[in-house]
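Peer 1: Before I ask anything, here is the structure I am working with.
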Amino acid sequence: MKALEMEGGVFRLTLLCVLLSGVGAVIVTIDKETYEHARGDNITIPCRFTPSITINAQTIVVITWSVEGTEADAEETGILTHFYGRGTDIKKQYEGRVALDVDVPSGKADLKLSSITLEDNKEFKCHLLIRGDDEGTPYDTARLVVLVAPSTPICKIEGKTEYGQNINLTCRSEEGSPPPTYKWESRDVRNMPQAVPPRTTDRGGIMSLYNISKETSGYYICTSSNKIRSATCNVTLAVMPPSMNIGSTAGIIGGVVALLIILIIIIYCCCCRKKKKDEEYAMGVREDEYRDTEPAKNTESPRADGEEDLPVNRNDQYGERSERSYDRRSDYDDRRSDYDDRRRDYDDRRRDYDDRRSDYDDRRSDYNDRRRDYDDRRSDYDDRRSDYDDRRSDYDDRHDRNNGRNADNYRRDRRDDDQSYDNRIPNKPPRTDYDD
Ligand SMILES: *[C@@H]1O[C@H](CO)[C@@H](O)[C@H](O)[C@H]1NC(C)=O
Ligand SMILES: *[C@@H]1O[C@H](CO)[C@@H](O)[C@H](O)[C@H]1NC(C)=O
Ligand SMILES: *[C@@H]1O[C@H](CO)[C@@H](O)[C@H](O)[C@H]1NC(C)=O
Ligand SMILES: *[C@@H]1O[C@H](CO)[C@@H](O)[C@H](O)[C@H]1NC(C)=O
């Protein structure tokens, strides 16, 4: 209905032009000055024209669509050129996303643009060239405004939330075209709408609250909205008395510090224990562990029935191993306590051995003493023996001198001599060589 009216209007305008100029002139019109669409939409910009001459198959008609930047000095760039009855050229950068809905005899050359972006925020121009009809204004333009829904805003509290302070509640959407407007509203603790305190200002997403008190506490919601959509965020404001705030802050800090210290001590202890354990593990228990696991591997791997591959088998085993690692860990702890027991036993035995060793050392020094005694006695004996040898040589001398005396005398003297000698040296065997 509206379109019909408009076309009627255009027709009347054309007639007026024709009447005023007195010659033929083409009229090109785009309905609206601006078109608003959301980013990503597929749109159509309508372009209508009324030629002043009759169009037939031989008439040369060229239709172009182009864009101008929003800045004054921005260059015009072509989108497409349509040659009536011959076809359409489309600029490379628009290939695949523009099309021309064209019907020259009925005066239609609409531009179809798909998946529009913020880049398409430009002035679009529809231009018509008809041979033999070059009077008038053969083009029209329209502005495309690509809209972006506001992104979810971020609400923040700036300043100290203490009695008597001035604070700002801020709200901002990263995206939004045209730029979104912001509105704050307040709810009380029962989530009922409450009036904002007097002197509060709300500009550009920043709400300034002055001389805040307990009554200022509540739930604050910000709505960010533009032509197409709106989004919200919210904050909970809890205004505290300054002293309590300081006290609680100090308490919290103290608690955290204490907790940290305890944690550090615990971690340190754990680390020390672990390190010590690892060292001892490396010393002894590790070998036990290997002895436990190695034979199992050996018995499983040479399975020759051919049903399972060796690598698979091994993988399974590793899986089991990791599953059993906890068990092995407790095993290890058991063995470890065993080991400690054995170690204590060993220490005891070692102490015993040391005791016995000192005993032995004592006995050894005894023996050395006795040995020295014996050596002394032996030297005594040697002295006495040399005495005897002296006396014997004396006797031999005397015997030589008394060669004339009778055998009885000699025998008696001799026995006396021997007896005296035997008495002095008890172990000496009886002498018999002189008895005959
Ligand atoms: C726009 O058109 C494309 C095909 O050119 C299609 O895939 C897409 O879904 C359309 N988008 C909308 C919002 O209609
Ligand atoms: C709050 O905002 C106003 C104006 O934007 C500014 O002058 C003031 O310093 C801000 N106050 C705080 C606590 O951020
Ligand atoms: C702040 O508010 C308190 C009452 O809540 C009032 O007594 C005081 O005068 C106010 N201060 C200012 C600077 O407005
Ligand atoms: C407040 O914001 C959170 C996310 O920050 C949202 O889950 C919740 O629904 C919001 N509450 C209201 C009442 O808008």
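The values are calculated or read from the model by the stated rules, or taken from the named source; none is laboratory data. Keep in mind the model is a prediction, meaning the values are calculated, not measured. Using ideal geometry, Cβ is built from the backbone for each residue, glycine included, and neighbour counts are taken over all protein chains shown.
Peer 1: Of the residues 54, 77, 88, which single one is more than 16 Å from ligand 1 (Cβ to nearest atom), within 25 Å of residue 178 (Cα to Cα), free of Cβ contacts under 8 Å to residues at least 24 places away in the same chain and surrounded by fewer than 17 Cβ atoms within 10 Å (Cβ to Cβ)? Break it down stepwise before answering.
Peer 2: Values: 54 fails: within 25 Å of residue 178 (Cα to Cα); 88 fails: within 25 Å of residue 178 (Cα to Cα).
Selected residue: 77, the only one of 54, 77, 88 that is more than 16 Å from ligand 1 (Cβ to nearest atom), within 25 Å of residue 178 (Cα to Cα), free of Cβ contacts under 8 Å to residues at least 24 places away in the same chain and surrounded by fewer than 17 Cβ atoms within 10 Å (Cβ to Cβ).
Peer 1: Report every pair of residues separated by at least 6 positions or lying on different chains whose Cβ atoms are under 8 Å apart, first residue within the stretch 109-138 and over 17 Å from residue 52 (Cβ atoms), second part of a loop (DSSP other than H, G, I, E, B) and small (Gly, Ala, Ser).
Peer 2: Going by the 8 Å Cβ cut-off, the qualifying pairs are 115/40; 116/40; 117/40; 122/69; 123/69.
Peer 1: Quick one: which of 187, 143 is away from ligand 2 (no atom under 14 Å from the Cβ), closer than 30 Å to residue 31 by Cα and among the basic types (Lys, Arg)?
Peer 2: Only one candidate qualifies: 143.
Peer 1: Restricting to the stretch 53-88, give me the number of residues that are in a loop (DSSP other than H, G, I, E, B), polar (S, T, N, Q) and within 13 Å of residue 129 (Cβ to Cβ). Lay out the reasoning, then the answer.
Peer 2: Start the filter on the stretch 53-88 by keeping residues that are in a loop (DSSP other than H, G, I, E, B), which leaves 53-60, 69-75, 84-86.
Subsequent filtering for residues that are polar (S, T, N, Q) retains 54, 56, 58-59, 70.
From what is left, the residues that are within 13 Å of residue 129 (Cβ to Cβ) are 59.
Residues flagged as in a loop (DSSP other than H, G, I, E, B), polar (S, T, N, Q) and within 13 Å of residue 129 (Cβ to Cβ) within the stretch 53-88 amount to 1.
Peer 1: Continuing with the same structure: Residue 216 is checked against (1) within 16 Å of ligand 3 (Cβ to nearest atom); (2) at pLDDT below 80 and fails just one. What number does that condition carry?
Peer 2: Failing condition for residue 216: (2).
Peer 1: Give the residues of the stretch 223-243 that are more than 37 Å from the chain's Cα centre (by Cα) and either closer than 16 Å to residue 38 by Cα or more than 16 Å from ligand 3 (Cβ to nearest atom) (or both), sorted by residue number.
Peer 2: Matches in the stretch 223-243: 225, 226, 227, 228, 229.
Peer 1: Restricting the stretch 196-213 to residues that are surrounded by fewer than 11 Cβ atoms within 10 Å (Cβ to Cβ) and within 16 Å of ligand 3 (Cβ to nearest atom), which is nearest to residue 167 (Cα to Cα)?
Peer 2: 199
Peer 1: Moving to a separate point now. Do you know which residues across the stretch 9-42 are among the basic types (Lys, Arg) and modelled with pLDDT of 60 or more? Write out each step before concluding.
Peer 2: Start the filter on the stretch 9-42 by keeping residues that are among the basic types (Lys, Arg), which leaves 12, 32, 39.
32, 39, listed by residue number.
Peer 1: Determine the pairs where a residue that is more than 16 Å from residue 183 (Cβ to Cβ) and within 16 Å of ligand 3 (Cβ to nearest atom), located within the stretch 151-171, has a partner that is in a loop (DSSP other than H, G, I, E, B) and among the hydrophobic types (A, V, I, L, M, F, W, C) with Cβ atoms under 7 Å apart, the partner being 6 or more residues away or on another chain.
Peer 2: 161/238; 161/239; 162/239; 163/212; 163/239; 165/212; 167/212
Peer 1: Can you pull out the residues in the stretch 161-206 that are over 13 Å from residue 224 (Cβ atoms), away from ligand 4 (no atom under 16 Å from the Cβ) and hydrophobic (A, V, I, L, M, F, W, C)?
Peer 2: Within the stretch 161-206, 167, 195, 196 meet the criteria.
Peer 1: For the stretch 112-141, what are the residues that are out of contact with any Ser or Thr (no Cβ under 7 Å at 6 or more places or on another chain) and under 18 Å from residue 36 (Cβ atoms)?
Peer 2: Scanning the stretch 112-141 gives 113, 114, 115, 116, 117, 119, 120, 141.
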